[in-house]
Amino acid sequence: MRIDIITVVPELLTSPLNESILKRAQESGHAEIYVHNLRDYTTDNRRTVDDYPFGGEAGMVMKCEPVFRCIEKLKSERDYDEIIFTSPDGITYNQHEANRLSLMKNIIILCGHYKGIDYRIREHLITREISIGDYVLTGGELAACVIADSVVRIIPGAIGDEASALTDCFQDNLLAPPVYTRPAEFNGWKVPDVLLSGNFAEIEKWQEEMAYARTKELRPDLLEE
Ligand code: SAH
């Protein structure tokens, strides 16, 4: 899968995209992630990407031309399944959307900054608008990292232990059961006996029961879906 991220602050994306699972997924060829600096698509000496809003509101607005130029160039090189804009008024991001995106071949994520982006870009070029929650960030870069991370980790083969991603929270609309590691007793606190029993059928049954009980207690809304 290929992800192209367009931003005015490429530095914000460097570390999250180049460590841990995202790093390994790129090294093993499961994912390609490219970051494009919007200023490289300007034509003036000052590399202007924003301008004052019509109507005289406070704040600056990202201009159409550089965004248009960058997206058109990418589109001329390959077909994109989705051109995403990160925005607090988009659909709320969740595991279902991450699963959907992980099946795609090429996607673009455009990060907004400042007051937002000229609405004509959203009307004419963007195919999907995604919010990572009901709060406002300074820019779309952190949202793009959230999307890239959650999508890449479920590409088959990207995580060494593939089963691991499938037993995470929200797959099957259930929260994950508790996990423990050695020592079996720490500070007088014991690991549940069943996990030490070696009886895998019993262990699986316990995990299912715990997943269900935790979901019922903490997120009953998931069970209604
Ligand atoms: N004036 C805008 C907010 C601008 S915040 C409004 O009220 O809707 C600047 C940029 O940060 C946005 O264009 C968007 O790309 C990004 N952003 C802010 N909050 C976000 C969120 N919850 N999810 C995804 N992107 C967000």
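The values are calculated or read from the model by the stated rules, or taken from the named source; none is laboratory data. All values reported here derive from a predicted model rather than from experimental measurement. Reconstructed Cβ throughout: ideal geometry from the backbone, glycine too, with neighbour counts over all protein chains shown.
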(request) Please work out which one of (1) over 14 Å from ASP118 (Cα atoms); (2) out of contact with any strand residue (DSSP E or B) (no Cβ under 9 Å at 6 or more places or on another chain) is the condition GLU57 fails and give its number. (result) (1)
(message) Every residue in the stretch 135-151 that is surrounded by fewer than 20 Cβ atoms within 10 Å (Cβ to Cβ) and not polar (S, T, N, Q), please.
(response) TYR135, VAL136, LEU137, GLY139, LEU142, VAL146, ASP149
(message) Test of understanding: among LEU103, LEU38, which residue is touching a Cys at 6+ places or on another chain (Cβ under 8 Å), over 21 Å from TYR135 (Cα atoms) and free of Cβ contacts under 8 Å to residues at least 40 places away in the same chain?
(response) LEU38
(request) Run THR181 past the list (1) in contact with an Asp or Glu (Cβ under 9 Å, 6 or more places away or on another chain); (2) closer than 26 Å to SER20 by Cβ and report the number of the one that doesn't hold. (result) (1)
(message) Filter the stretch 20-53 down to the residues that are more than 15 Å from the chain's Cα centre (by Cα), surrounded by fewer than 16 Cβ atoms within 10 Å (Cβ to Cβ) and not in a helix (DSSP H, G or I) and list them by number.
(response) SER28, GLY29, THR43, ASP44, ASN45, ARG46, ARG47, THR48, ASP51, TYR52, PRO53
(request) Give, as residue ranges, the helices (runs of 4 or more DSSP H) completely inside the stretch 115-225 that count at least 2 residues that are farther than 28 Å from HIS30 by Cα and of a type in the set (Phe, Trp, Tyr). (result) 200-218
(message) Suppose we keep only residues that are touching a Phe, Trp or Tyr at 6+ places or on another chain (Cβ under 8 Å) and within 6 Å of the ligand (Cβ to nearest atom) within the stretch 129-138. Which one would you say is farthest from ILE3 (Cα to Cα)?
(response) GLY133
(message) List pairs: first residue in the stretch 68-85 and farther than 17 Å from ASP40 by Cβ and exposed (fewer than 11 other Cβ atoms within 10 Å of the Cβ), second residue of a type in the set (Lys, Arg) and at pLDDT 95 or above anywhere in the structure, Cβ distance under 9 angstrom, at least six positions apart or on different chains.
(response) ARG78/ARG2; ARG78/LYS105; ASP79/LYS105
(message) Suppose we filter the stretch 99-128 for residues that are under 13 Å from the mean Cα position of the chain (by Cα) and more than 14 Å from the ligand (Cβ to nearest atom); how many remain?
(response) 5
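Within the stretch 1-19, count every residue that is acidic (Asp, Glu), outside any strand (DSSP E or B) and under 27 Å from THR48 (Cβ atoms).
Residues meeting the conditions: 1.
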